[in-house]
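Okay, so here's the structure we're looking at.
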Amino acid sequence: MRYQYKFQKLLELKESEKDKSLAAYQQSVSAFEQVAEKLYENMSKKELMEKSKEEKLRSGMSVQEMRHYQQFVTNLDNTIQHYQQLVIMKRHQMNEKQSDLTEKNIEFKKFEKMKEKQFEKFSLEHKAIEMKEMDDISISQFMFQGH
């Protein structure tokens with residue numbers, strides 16, 4: 001007698017959904033990290049530009065050069081603001097994917113637990129049947145021996 005879980009296909013479907021959700025979550029984490037890295041790079045650039053500008057101001061800087069620096073810093077500010085918005089968006093997407101993954105994982109675990117319980121029940125029933133068969137064989141042998 002072989003055990004067959006009646007919801008095996010559903011369990012496999014839930015596992016597949018969980019795996020897809022995990023892949024989507026990992027991809028969203030990667031996207032978030034890439035955008036956060038770009039934000040960090042641009043903020044570092046701005047900091048270096050500010051330091052460079054301070055040094056040049058001390059040693060003397062033309063008005064044209066000062067305008068150039070200011071324009072560059074303004075552009076960096078815009079880029080930083082853009083990446084800050086992207087980071088917020090990617091973090092939100094990542095959190096949604098994590099929530100979805102958690103939900104899919106819970107669903108999968110429910111079916112997995114049901115399978116374990118049903119297998120345990122099956123095993124107990126199978127063992128009881130075997131014991132009854134052994135008892136029947138023992139009784140038959142006892143009767144056959146003429147007692």
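The values are calculated or read from the model by the stated rules, or taken from the named source; none is laboratory data. The structure presented is a predicted model; accordingly, all values stated were derived computationally and were not measured. Every residue, glycine as well, gets a Cβ built from its backbone with ideal geometry; the counts of neighbours run over all protein chains shown.
Do we find a residue being modelled with pLDDT under 95, farther than 30 Å from I129 by Cβ and among the hydroxyl-bearing types (S, T, Y) anywhere in the range 83-100?
Step one: of the range 83-100, the residues modelled with pLDDT under 95 are none.
There is no residue in the range 83-100 that is modelled with pLDDT under 95, farther than 30 Å from I129 by Cβ and among the hydroxyl-bearing types (S, T, Y).
Can you tell me which residue is farthest from the chain's Cα centre (by Cα) among those in the range 2-49 that are aliphatic (A, V, I, L, M) and surrounded by fewer than 13 Cβ atoms within 10 Å (Cβ to Cβ)?
Let us first name the residues in the range 2-49 that are aliphatic (A, V, I, L, M), namely 10-11, 13, 22-24, 29, 31, 35-36, 39, 43, 48-49.
Filter again for surrounded by fewer than 13 Cβ atoms within 10 Å (Cβ to Cβ), leaving 23, 48.
On the way: A23: 7, L48: 36 Å.
Here the residue is L48.
Listed here are the residues, each with its yes/no results for (1) free of Cβ contacts under 8 Å to residues at least 12 places away in the same chain; (2) surrounded by 17 or more Cβ atoms within 10 Å (Cβ to Cβ); (3) in contact with a helix residue (DSSP H, G or I) (Cβ under 7 Å, 6 or more places away or on another chain).
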{"position": "F72", "(1), (2), (3)": "no, no, yes"}
{"position": "Q81", "(1), (2), (3)": "yes, no, no"}
{"position": "L86", "(1), (2), (3)": "no, yes, yes"}
{"position": "M94", "(1), (2), (3)": "no, yes, yes"}
{"position": "S99", "(1), (2), (3)": "yes, no, no"}
{"position": "T102", "(1), (2), (3)": "yes, no, no"}
{"position": "K109", "(1), (2), (3)": "yes, no, no"}
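Only one of these is more than 30 Å from M43 (Cα to Cα), among the basic types (K, R) and assigned to a helix (DSSP H, G or I): K110, K90, K97. Name it. Show your work before the answer.
Numbers: K90 fails: more than 30 Å from M43 (Cα to Cα); K97 fails: more than 30 Å from M43 (Cα to Cα).
Every option except K110 fails the conditions.
Being hydrophobic (A, V, I, L, M, F, W, C), in a helix (DSSP H, G or I) and free of Cβ contacts under 8 Å to residues at least 40 places away in the same chain is the filter here; which residues of the range 10-63 pass it? Let's see the steps before the verdict.
Of the residues in the range 10-63, the ones hydrophobic (A, V, I, L, M, F, W, C) are 10-11, 13, 22-24, 29, 31-32, 35-36, 39, 43, 48-49, 57, 61, 63.
Right, trim to in a helix (DSSP H, G or I) and you get 10-11, 13, 22-24, 29, 31-32, 35-36, 39, 43, 48-49, 57, 63.
Across the range 10-63, the qualifying residues are L13, A23, M43, L48, M49, L57, V63.
Criterion first (over 29 Å from Q81 (Cα atoms) and of a type in the set (K, R)) does K38 satisfy it? Please lay out each step first, then the result.
Numbers: over 29 Å from Q81 (Cα atoms): no; of a type in the set (K, R): yes.
No: the conditions fail for K38.
Quick check, is H126 surrounded by 12 or more Cβ atoms within 10 Å (Cβ to Cβ), modelled with pLDDT under 95 and part of a helix (DSSP H, G or I)?
yes
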